[in-house]
Amino acid sequence: MHKLKLIGPFAQALTMDGIPLKGPLSDDRLGVIHNAGILVNGIAIEAIGTFRELKSLASEVEQVEGELTLMPGMIDVHTHICWAGSRAGDYAMRLSGKNYLEIAQLGGGIWSTVTRTRETGQEDLALITAKHADKMLQQGVTTLEVKSGYGLHAEGEWKMLKAIHRAGEITRADLVPTCLAAHIKPKDFAGSAREYLEYTVKNILPVVMSGKLSNRVDIYVDEGAFDLQDAFHYLNEARELGFDLVVHANQFTRGGVSLAVRVGALSADHLEACAEEDIHVLAASDVIPVALPGASMGLGAPFAPARKLLDSGTSLVVASDWNPGSAPMGNLLMQAAVMGAYEKLTMAETLAALTSRASAALRLSDRGALRPGMMADFIAFPCSDYREILYNQGGMGPEVMWKKGRRVKG
Ligand code: NIG
Ligand code: FE
């Protein structure tokens, strides 16, 4: 039996409780509590309310200094933070006018990261991944998804997924691994793209599932990656094996969205190349659209049509896509705030996209809002008005943070 610890007082607390999964949100949905306190029982939230009303229930008080605004820890549902090497050279080529495919043909791109990642040992990869996760944690991300996809053969993919698990023991953030063995067809695979996917279904995925390395499968559908027909077949096979499905969809070319809907994927991520029809298809489904503004910024590409998606009735999640190629920044709050300014998202829509709605895209029902029974993951910004959080466009990070009820910052 844990003691009940009251943390506070906070000038404001955003509970993000009771926010619907889909559709536009006005800021009055945020559930702001003034002069708030949060009562913690071990790793879980016992109660949230005013500091004064909760005081009588507490056996211990953790007082905070200064004016702070509290919100749930952010959840980043799409990252590729397990990698070795740098792609600064790709970035320079891109600034000189080369596109993503040309850079790949010139020896850069995903394949160059595969080469470096294959050469790197599992423990070193775990340390790199944990370092990336710790950077995100300090920026307020308490749970993050991490994809494989730079191994692209059985040993390489298993090594990455094991490194991600090992990194989860090093960092205090929670990591959710996803198998992206279907990132691109590896250059050294002697066969067609379809044959590579067959090889993956037969030789990689069963071990991923039985070894509990991941229960999520992702595929990159695009020019230079996998086509729709092969991907459809692959995703159905992965579902048969028991995996949740996600799709890198509509980054440069269309088609991925309809595929994601047809196979009942949990989310369709990227969506920079969406037509009206794709928006309608998503709106008629339960697939969660995930916008990746970090990839738009890294590539100098348009943002996903977040405003139109919400107005058509879909959900909206924002993730960083942090990876060495298309999204090298790795600052989720800044990316979400900037995309929100361009796309005219309300503060409630952007904050929900980072918390309560993001939890649904990872099927995590125990986080993303501050309410009794939820995991005690929360972050506090140095301000007395929640609007300062996005107004500062990522320039103001959280000053104090708790993960599973314990302080990890401040
Ligand atoms: O989500 N588009 C495919 N995959 C990644 C990029 C990975 C890389 O360039 O290394 C993305 O943008
Ligand atoms: Fe990605």
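The values are calculated or read from the model by the stated rules, or taken from the named source; none is laboratory data. What you see is a predicted model, and the numbers here were worked out from it, not measured in a lab. Reconstructed Cβ throughout: ideal geometry from the backbone, glycine too, with neighbour counts over all protein chains shown.
List of remarks:
- For region 113-120, the criterion of being within 20 Å of the chain's Cα centre (by Cα) and of a type in the set (S, T, Y) is satisfied by no residue at all.
- With respect to (1) away from ligand 1 (no atom under 11 Å from the Cβ); (2) buried (at least 18 other Cβ atoms within 10 Å of the Cβ); (3) more than 28 Å from R166 (Cβ to Cβ), the lone exception for Y100 is condition (1).
- Helices (runs of 4 or more DSSP H) completely within region 101-182 that count 1 or more residues being within 16 Å of ligand 2 (Cβ to nearest atom) and among the aromatic types (F, W, Y): 109-119
- Answer residue from region 194-228, given it is free of Cβ contacts under 8 Å to residues at least 24 places away in the same chain and in a helix (DSSP H, G or I) and is nearest to V146 (Cα to Cα) among those: S210
- G97 vs. criteria farther than 30 Å from T350 by Cα and free of Cβ contacts under 8 Å to residues at least 12 places away in the same chain: yes
- When each of G191, G156, G151 is tested for being away from ligand 1 (no atom under 16 Å from the Cβ) and free of Cβ contacts under 8 Å to residues at least 60 places away in the same chain, the lone residue that passes is G191.
- The criterion of being part of a strand (DSSP E or B) and either away from ligand 2 (no atom under 16 Å from the Cβ) or touching a residue at least 40 places away in the same chain (Cβ under 8 Å) (or both) holds for H34.
- Residue in region 57-97 that is farthest from ligand 1 (Cβ to nearest atom), counting only those that are of a type in the set (V, I, T) and not in a strand (DSSP E or B): V64
- Residue within region 240-260 that is of a type in the set (S, T, Y), in contact with a Gly (Cβ under 7 Å, 6 or more places away or on another chain) and within 16 Å of ligand 2 (Cβ to nearest atom) present: no
- In region 184-206, the count of residues that are hydroxyl-bearing (S, T, Y), over 30 Å from L101 (Cβ atoms) and crowded, with 16+ Cβ neighbours inside 10 Å is zero.
- Of the criteria (1) more than 17 Å from S320 (Cβ to Cβ); (2) surrounded by 22 or more Cβ atoms within 10 Å (Cβ to Cβ); (3) in contact with a Leu (Cβ under 8 Å, 6 or more places away or on another chain), which one P382 fails: (2)
- Residue within region 304-317 that is under 14 Å from G394 (Cβ atoms) and β-branched (V, I, T) present: no
- In this entry, A327 is excluded by the filter for residues that are within 12 Å of ligand 2 (Cβ to nearest atom), modelled with pLDDT of 95 or more, assigned to a helix (DSSP H, G or I) and under 25 Å from A88 (Cβ atoms).
- Taken together, the residues in region 207-221 that are surrounded by fewer than 23 Cβ atoms within 10 Å (Cβ to Cβ) and within 16 Å of ligand 2 (Cβ to nearest atom) amount to 2.
Condition check ((1) under 18 Å from M329 (Cβ atoms); (2) surrounded by fewer than 18 Cβ atoms within 10 Å (Cβ to Cβ)) across all residues:
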site	(1), (2)
A238	no, no
A260	no, no
G264	no, yes
C274	no, no
S285	no, no
M297	yes, no
F303	yes, no
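- Candidates A361, A352, filtered to the one that is buried (at least 21 other Cβ atoms within 10 Å of the Cβ), touching a residue at least 24 places away in the same chain (Cβ under 8 Å), under 17 Å from the mean Cα position of the chain (by Cα) and closer than 23 Å to C82 by Cβ: A361
- Filtering region 2-31 to residues that are within 25 Å of the chain's Cα centre (by Cα) and either among the basic types (K, R) or assigned to a strand (DSSP E or B) (or both) leaves A13, L14, K22, R29.
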